[in-house]
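Enquirer: Can you read through this structure? Questions will come right after.
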Amino acid sequence: MSVDKALLDKVLQDAGSLFQGLADNELTGLYLIQDGRFVYVNPRLAAMFGYPQEELCGGLGPMHVTAPEHQALAQSEIDRRMQGKAKTGHYRFTGMRKDGSHLDVEVFGVSTLFQDKPAIVGILVDVSERSQAEREVSNQLQFIGRLIDTIPSPVVYKNLEGRYLGCNRAFEEFAGRPRDDLIGRTVFDIATQDVAAKSDAADRRLMSNPGTTSYEGKATQADGSVHDIIFHKATFDNSDGSVGGLVTVMFDISERKRMEERIWQEANYDSLTGLPNRRLFRDRLLEEIKRARRSGRGLALLVVDLDRFKEVNDTLGHELGDKLLTEAATRVRACIRDSDTVARQGGDEFMVILPDIADPAIVGQVAQNIIDALARPVILDGHTVYVSASVGVALFPDDAADMDTLLSYADQAMYAAKEKGRNGFSYFTPSLQERARNRLQLANELRGALAANQLSVYMQPIVDMRDGAIVKAEALLRWRHPVLGMIPPDQFIPIAEEIGLIHEIGDWVFKESALAARRWRDLPVLGGRGIQVSVNKSPRQLVTGNTHEDWIEFLREIDLSAEFVVIEITEGLLMDARTEVASKLLQFRDAGIQVSLDDFGTGYSAMSYLKKFHIDYLKIDKSFVRDMTTDEGDRAIAEAIIVMAHKLGIKVVAEGVETAEQRDLLAAAGCDFGQGYLFARPMPMDDFENFLEDGKGKTVQ
Ligand code: C2E
Ligand code: CA
Ligand code: CA
């Protein structure tokens, strides 16, 4: 490299004009300081500080143009160079104009000699505008920092090595460490090993392929709680466009997860018993059938229906009904293997899938175990409740090769078990299918039976045990089916209850009976004492029906004194915890209608309720009357019932009196009234009237 020495010499010789050129420039200030005073300032510098050039050079020094807070700084900078400690100085300080206002300046000073004495020559620029811009950037950065802090989700950013550069407040809280303690650390320092490894792997993938990514995972918060998190990650660039690091935003989805879990739970499980519901059950059954097809092993489907659960529910109230169902679920579950499925089908029906059946005999054993388990008494809030179960069994592939048929066959088998007398199980047989079809047909035909005049009320005399006089009668419903002939009420009343027809039919029976009682009141042969007619009311009618007011009103309309009518209810009703049942019963009583307790001895037999509900009559069930001649125990019970009832002021009717021996035993025990084939069978109204008129109304032997 060659230097043009001649040109350089010439420039130095002519330094005067070079300096003049510099001094005249309009951007930078130029100064010469010696002995703490300005020896020279150029016009630009004087203008910057708002002084006439002569004034600054006429005795003022650098301290005059320096803001008080920076005078120490400026002085020490100047001293260092004046004392030869440094050759050059470059610094910023806040300057002060003549009017006292401030400006930001930057100086570059060099120590030199002027007239053989130390001096400083330098240039000075007004950087106020630049400072302003810098302040704005810094403000903006702070603002962004505050902004990120307001984000409720944890945000953290790190460099290419995975070391934290910063984070927001939510992240600090999640990590349980202040920002300063996080910066410089890696995820391995703050998270569990597996969470950190997963995060690190995702970071590496993202760094090598910049952009965004997200994944779901778990993270443990500082308080130890584990959260479901969606980690959103994105790389960020340096100002030169190279990848600078990455930022992670953590979205906490724990709440959503819990919700989803709950929705799933609700959609698939019965909330009361915790068992799979119908939906999940169908999924499982379908799955098991597929498996059975592949494996060639058999599968059994059991339908478990609680006998008389509705009675318990209607009478003891839903709360205890629910408890009973929960207990039943527990018992059924205890009878099966872990690999078997129990589901609640709704109501009082449970379904059991027994897959991998090698020996069909096992199915019968399981069914029997379930029946035995459910037959054990259940204690509910102090009430001892007896339920039993009827179980229907259908086998795959023996009975049916598809799910819906299998389900319907198991159902039919369950109904067959119920018809066989409950508390037992039944396998599906082809004849069951026909029976099921008939039942459905019966239900349809029953709807039209009343309008078609196929229903009629029969009357069965009830006699005074002392003299055999007919004093009462029980109204018993009959259905004369055009094709099937006489259908017994035991068969169609449950259907009527099931399809809700019982209200309409029961209403009709009551009115027919009341009208009959009205006619007989004036029958001369009865000498004006008339016949008190008993009308059966099923629990369902009393609990959900609302006819009692109509009935009382009807009696008023036909001008029949209420004493000619008795309502027969079953024992279970008395145990109903719900007040409306009690109040309905009391309304009957208040209207003067007496209440008779039917089938006494077969159900709950809780004596305490008899008094509470002001029961007028007690009907000893047929089964006791039938066995009292042969079974000492039954006789003792029958006698005890009579004594106890009388003590409570309740009169006793014996049902199903078929022999003179029974009558005599009952009469000897003090029984008040008798009903049964011995006296007369139930008969149509007209026959009953003839029966009375024939004079048999006085005594029947
Ligand atoms: P329940 O109230 O216990 O009626 C007495 C049943 O015993 C009647 O059966 C009657 O025919 C029968 N019976 C009478 N004397 C004797 C006898 O000496 N020996 C035997 N073995 N049985 C005798 P029925 O008429 O078949 O009625 C059956 C059940 O149907 C009734 O039992 C009652 O629970 C119900 N029921 C009948 N009519 C109505 C009604 O209008 N409404 C409601 N809700 N239920 C009714
Ligand atoms: Ca009855
Ligand atoms: Ca009865």
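Enquirer: Are any residues in the stretch 236-263 among the β-branched types (Val, Ile, Thr) and open to solvent by less than 30 Å² (accessible area, probe 1.4 Å), and if so, which ones? It would help to see each step written out before you state the result.
Expert: Filtering the stretch 236-263 for residues among the β-branched types (Val, Ile, Thr) gives 243, 247-249, 253, 263.
Within the stretch 236-263, Thr248, Ile253 meet the criteria.
Enquirer: Name the residues in the stretch 289-320 that are surrounded by fewer than 22 Cβ atoms within 10 Å (Cβ to Cβ), assigned to a helix (DSSP H, G or I) and in contact with a Phe, Trp or Tyr (Cβ under 9 Å, 6 or more places away or on another chain), would you?
Expert: Ile289, Ala292, Arg293
Enquirer: Just one of (1) within 16 Å of ligand 1 (Cβ to nearest atom); (2) open to solvent by less than 30 Å² (accessible area, probe 1.4 Å); (3) of a type outside the set (Phe, Trp, Tyr) trips up Leu692, so point out which.
Expert: Answer for Leu692: the failing condition is (1).
Enquirer: Same structure, new question: Suppose we filter Asp627, Asp634, Asp598 for residues that are under 30 Å from Asp559 (Cβ atoms) and not β-branched (Val, Ile, Thr); which single one remains?
Expert: Selected residue: Asp598, the only one of Asp627, Asp634, Asp598 that is under 30 Å from Asp559 (Cβ atoms) and not β-branched (Val, Ile, Thr).
Enquirer: Could you tell me which of the residues Ile470, Ile499 is surrounded by 14 or more Cβ atoms within 10 Å (Cβ to Cβ) and within 16 Å of ligand 1 (Cβ to nearest atom)?
Expert: Answer to the selection: Ile470.
Here's the yes/no breakdown for (1) among the aliphatic types (A, V, I, L, M); (2) more than 30 Å from Ser208 (Cα to Cα):
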{"position": "Lys233", "(1), (2)": "no, no"}
{"position": "Phe236", "(1), (2)": "no, no"}
{"position": "Met259", "(1), (2)": "yes, yes"}
{"position": "Arg279", "(1), (2)": "no, yes"}
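Enquirer: Hey, Ile642 hits all of (1) within 52 Å of the chain's Cα centre (by Cα); (2) within 13 Å of ligand 1 (Cβ to nearest atom); (3) not polar (S, T, N, Q) but one; which does it fall short on?
Expert: Result: Ile642 fails condition (2) only.
Enquirer: Between a first residue in the stretch 465-486 that is farther than 17 Å from Phe688 by Cβ and a second residue that is away from ligand 1 (no atom under 11 Å from the Cβ) and hydroxyl-bearing (Ser, Thr, Tyr), which pairs have beta carbons less than 7 Å apart while being 6 or more apart in sequence or on different chains?
Expert: From the stretch 465-486, the pairs are Asp467/Thr699.
Each row is one residue, and each column tells you yes or no for (1) surrounded by fewer than 21 Cβ atoms within 10 Å (Cβ to Cβ); (2) assigned to a loop (DSSP other than H, G, I, E, B).
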site	(1), (2)
Ala401	yes, yes
Ser408	yes, no
Ala416	no, no
Leu440	yes, no
Glu445	yes, no
Ala451	yes, yes
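Enquirer: Tell me, which residue of the stretch 343-359 that is touching a strand residue (DSSP E or B) at 6+ places or on another chain (Cβ under 7 Å) and open to solvent by 10 Å² or more (accessible area, probe 1.4 Å) is farthest from Arg278 (Cα to Cα)?
Expert: From the stretch 343-359, those touching a strand residue (DSSP E or B) at 6+ places or on another chain (Cβ under 7 Å) are 343-345, 348-355, 357; that's our starting set.
Add one more test, that the residue is open to solvent by 10 Å² or more (accessible area, probe 1.4 Å), and what stays is 344-345, 348-349, 357.
Numbers: Arg344: 7, Gln345: 5, Asp348: 13, Glu349: 10, Ile357: 23 Å.
Applying the filter and picking the extreme gives Ile357.
Enquirer: Go through the stretch 109-163 and count every residue that is under 60 Å from the mean Cα position of the chain (by Cα) and in a helix (DSSP H, G or I).
Expert: 18
Enquirer: Let me ask you something else. In the list Thr192, Thr150, which residue meets the criterion of being open to solvent by 90 Å² or more (accessible area, probe 1.4 Å) and not charged (D, E, K, R)?
Expert: Residue meeting the stated conditions: Thr150.
Enquirer: Taking the options Asp399, Asp411, Asp359, name whichever one is acidic (Asp, Glu) and closer than 24 Å to Glu311 by Cβ.
Expert: Asp411
Enquirer: Looking at (1) β-branched (Val, Ile, Thr); (2) touching a helix residue (DSSP H, G or I) at 6+ places or on another chain (Cβ under 9 Å); (3) modelled with pLDDT of 90 or more, which is the only condition Val195 fails?
Expert: Unmet condition: (3).
Enquirer: Taking the stated definitions as given, is Glu512 open to solvent by 20 Å² or more (accessible area, probe 1.4 Å) and in contact with a strand residue (DSSP E or B) (Cβ under 6 Å, 6 or more places away or on another chain)?
Expert: Spelling it out, Glu512 is indeed open to solvent by 20 Å² or more (accessible area, probe 1.4 Å) and in contact with a strand residue (DSSP E or B) (Cβ under 6 Å, 6 or more places away or on another chain).
Enquirer: For residues that are among the acidic types (Asp, Glu) and modelled with pLDDT of 95 or more, scanning just the stretch 450-497, find the one that is farthest from ligand 3 (Cβ to nearest atom).
Expert: Asp464
Enquirer: Considering only the stretch 325-347, how many residues are under 24 Å from the mean Cα position of the chain (by Cα) and modelled with pLDDT under 90?
Expert: Counting residues in the stretch 325-347 that are under 24 Å from the mean Cα position of the chain (by Cα) and modelled with pLDDT under 90 gives 3.
Enquirer: Pairs only if they're at least six apart or on different chains, beta carbon under 8 angstrom, first in the stretch 594-621 and closer than 21 Å to Ala636 by Cβ and at pLDDT 90 or above, second open to solvent by 30 Å² or more (accessible area, probe 1.4 Å) and more than 14 Å from ligand 3 (Cβ to nearest atom); list them, first residue then second.
Expert: Pairs found: Leu618/Lys651.
Enquirer: Another question, if that's okay. Could you tell me which numbered condition Phe425 fails, if it satisfies all but one of (1) at pLDDT 90 or above; (2) in contact with a strand residue (DSSP E or B) (Cβ under 6 Å, 6 or more places away or on another chain)?
Expert: For Phe425, the failing item is (1).
The values are calculated or read from the model by the stated rules, or taken from the named source; none is laboratory data. These figures come from a predicted structure and were not determined experimentally. Ideal geometry is used to build each Cβ from the backbone, glycine not excepted, and the neighbour counts take in all protein chains shown. Accessible surface areas use protein heavy atoms only, side chains included; no ligands, DNA or RNA. Shrake-Rupley method; radii C 1.70, N 1.55, O 1.52, S 1.80 Å.
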